[in-house]
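For reference, the structure is listed below as structure tokens.
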Amino acid sequence: MANFLQTLVTQRAALLTALGQHLLLSVISLAIAIVIALPLAIWVIPRPKTANVFLQLASVLQTIPSLALLGMLIPLVGIGSVPAVISLVVYALLPIFQNTYTGLTEIDPSLEEAATAFGMTRWEKLHKVELPLAFPMILSGIRTALVMIIGTATLAALIGAGGLGTFILLGINRNNNTMTLIGALASALLAIVLSLALRGVKRIKIKPLLITLAIVVVGCGGFGIYRLVRPQPVEITIAGKLGSEPEILINMYRDLIEADNDNVKVTLKPNFGQTSFLFSALKSKQITLYPEFTGTVLESLVKKPTKTATNANEIYQQAKTALQKQDDLTYLAPLKYNNTYALVVKRSFANKYDVRSISDLAKVEGQINAGFDLEFLDRTDGYKGIQQRYGLSFKTQSMSADLRYEALQRDKVNVTDGYSTDSQIRQYDLVVLKDDRHLFPTYQGAPLLRTATAKAHPEIVRSLNRLQGKISAADMQEMNYQVNVKRKSAAKVAHQYLVTHHLLGGDR
């Protein structure tokens with residue numbers, strides 16, 4: 001409890017910001033969904049066949065996995081709030097549309113006849129009789145949609161839209177259960193408070209409510225258009241994948257750029273998500289640059305060369321050339337350390353079965369229960385490569401990259417994948433198995449940006465190149481340890497490294 005309260009106090013500013021972002025996303029998405037679904041449900045009342053088609057379509061849209069939908073939207077509308085709002089609206093349409101249609105079609109026919117007998121027009125019947133009678137059912141659908149929106153909105157953090165998902169993702173990534181709990185509790189409390197607030201809407205008349213919703217949607221749309229057309233300052237957006245290491249690197253990039261360029265504003269988007277999200281966002285000009293690894297480029301982002309390079313410099317040159325030719329991207333000079341894949345086991349497991357290399361796993365192949373990240377499972381330099389090059393095939397299960405070390409510690413799995421600079425290797429005194437058949441390629445990190453950006457801003461390229469050949473594997477593992485275990489901020493750890501190694505002058 002003491003740790004919970006301490007974290008709550010120290011993170012209160014960030015929590016309030018995330019809460020505000022989450023609330024804004026949720027309210028805007030709900031308002032748009034109501035404005036779309038409510039009139040549509042009213043329109044299809046005399047058209048039951050059309051209503052059935054819309055119901056089926058809304059049901060199908062709701063079955064699309066949220067991460068898949070976000071991934072598909074990034075190339076179309078970019079990153080940030082726009083794809084997040086679109087996704088949330090899609091998921092909110094079904095309960096609002098379905099409840100509105102059901103509520104209006106189940107009104108007692110005798111009441112409809114009485115309204116007609118009194119000479120009411122279609123509009124008068126709708127807003128004086130039908131909508132008031134169906135309102136409890138409609139409100140129930142809105143409340144269901146609201147709860148669904150607030151829960152799903154936590155994923156908005158993966159595409160740079162902020163929200164309470166930031167706390168949850170950081171907590172999972174850094175094995176900080178307190179941050180995860182704070183994010184989850186805040187999201188649940190927000191859902192409860194807004195759901196209770198909707199109860200008071202029963203006393204509000206339908207017409208003013210619809211007018212208010214229309215004003216909200218039009219106002220938000222107008223503000224969005226204004227932001228698009230107004231003159232924009234020069235801004236560099238640097239994103240990073242999930243984890244402490246990418247966050248440390250992007251903070252270094254920012255410090256170097258801002259120290260050398262007073263007129264450049266740098267925005268960071270840490271814990272952005274998987275490689276595919278970042279690569280799509282870079283190509284669609286939604287971010288300016290992000291740190292990428294040479295091995296990942298050759299294995300996942302470009303057409304694999306017919307002849308695979310063996311040394312670090314050749315791998316980098318292959319990656320650089322392929323990115324330039326395929327996507328007109330510029331790959332700057334890499335860092336020193338090699339953050340390659342690794343198979344990791346507990347020291348007790350290694351000692352018990354005398355396992356020191358990946359080949360040694362053949363001795364205990366039938367006893368292996370491995371937990372691998374989804375990306376590692378599907379890569380040719382991951383589990384597929386282990387099967388081919390080492391002739392091994394053992395029981396595996398997929399799990400989040402952030403949870404695999406915890407699963408190893410709790411003996412839920414006995415082998416997992418990792419990276420050579422992971423802080424957990426030091427924290428838990430784990431054993432990295434030797435890649436004795438040289439499966440895992442070199443993974444050196446380097447800034448990746450569009451060639452047009454590099455040409456337009458050579459001063460930024462010069463700033464970033466100051467990291468060329470810097471940061472050893474021991475340095476990076478220590479910095480990861482400081483962030484993940486010692487709970488220091490990535491910004492402070494990154495800044496301290498730059499100052500200590502005379503890459504940046506002054507104190508922050």
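Details
- Divided by 2.2 N^0.38 Å, where N counts the residues, the Cα radius of gyration of the stretch 341-432 comes to 0.97.
- Cα-based Lys proximity count in the stretch 2-229, under 18 Å, for pairs eight or more positions apart or on separate chains: 5
- Close amide H contacts of residue 236 (hydrogens built in the peptide plane, cut-off under 5 Å, sequence separation of 5 or more or a different chain): 265, 266, 267.
- Candidates 131, 93, 120 compared by Cα position along the dipole of the stretch 82-141: farthest toward the positive end lies 93, with charges placed on Cβ.
- Two-site label geometry, residue 304 and residue 456: point separation in nm, points 7 Å out along Cα→Cβ: 3.6 nm
- Computed about the Cα centre, the dipole magnitude for the chain is approximately 340 debye when only Lys and Arg (+1) and Asp and Glu (-1) carry charge, each at its Cβ.
- Order by protection proxy (mean Cβ within 10 Å, highest first), peptides 294-305, 245-256, 332-343: 245-256, 332-343, 294-305
- Peptide packing: for 471-481, 64-74, the average count of neighbouring Cβ atoms within 10 Å per residue gives the ranking 471-481, 64-74, highest mean first.
- Taking 0.36 nm per residue of sequence separation and removing the Cα-Cα distance, the residue 106/residue 14 pair yields an extension gain of 28.4 nm.
- Working from Cα pairs under 8 Å separated by at least six residues, relative contact order for the stretch 341-432 is 45 percent.
- J(HN,Hα) series, the stretch 417-426, from Karplus relation 6.51 cos²θ - 1.76 cosθ + 1.60, nearest Hz, glycine and proline x: 8, x, 10, 5, 9, 4, 5, 5, 4, 6
- Simple rule: put +1 on each Lys or Arg Cβ and -1 on each Asp or Glu Cβ in the chain, find the dipole, and look at 194, 75, 433; the Cα lying farthest toward the positive end is 194.
- Rounded to whole Hz, the Karplus (6.51, -1.76, 1.60) HN-Hα couplings of the stretch 111-128, x for glycine and proline: 5, 5, 5, 5, 5, 5, 5, 7, x, 6, 6, 4, 5, 5, 4, 5, 8, 9
- Annotation: peptides 120-130, 103-113, ranked by per-residue average of other Cβ atoms within 10 Å with the highest first, follow the order 120-130, 103-113.
- Straightening the chain between residue 265 and residue 67 buys 68.3 nm, computed as 0.36 nm per residue apart minus the Cα-Cα spacing.
- Förster-model FRET efficiency, 41 Å R0, residue 468 and residue 397, C-beta, rounded to 0.05: 0.55
- Close amide H partners of residue 330, meaning residues 5 or more places away or on another chain with modelled amide H under 5 Å apart, are 449, 450, 451.
- Charged-residue dipole, Cβ positions (Lys, Arg, Asp, Glu), the stretch 341-432 about Cα centre, Debye nearest 20: 280 debye
- Pairs from the table (241/285; 241/470; 320/492; 304/470; 352/488) lying more than 25 angstrom apart at Cα are 320/492; 304/470; 352/488.
- Pairwise Cα separations in the chain fall into 10 Å bins from 0 onward with the following percentages, short to long: 4, 16, 24, 23, 16, 10, 5, 2, 0, 0.
- Distance between the 7 Å Cα→Cβ label points at residue 124 and residue 352: 8.2 nm.
- Compared with the dominant Cα axis of the chain, that is its longest principal axis, helix 66-77 is turned about 90°.
Laboratory data are not the source of any read-out in this text; all were calculated from the coordinates shown. Because the structure is a prediction, the values reported are computed rather than measured. Virtual Cβ from ideal backbone geometry, glycine too; neighbours counted across all protein chains shown.
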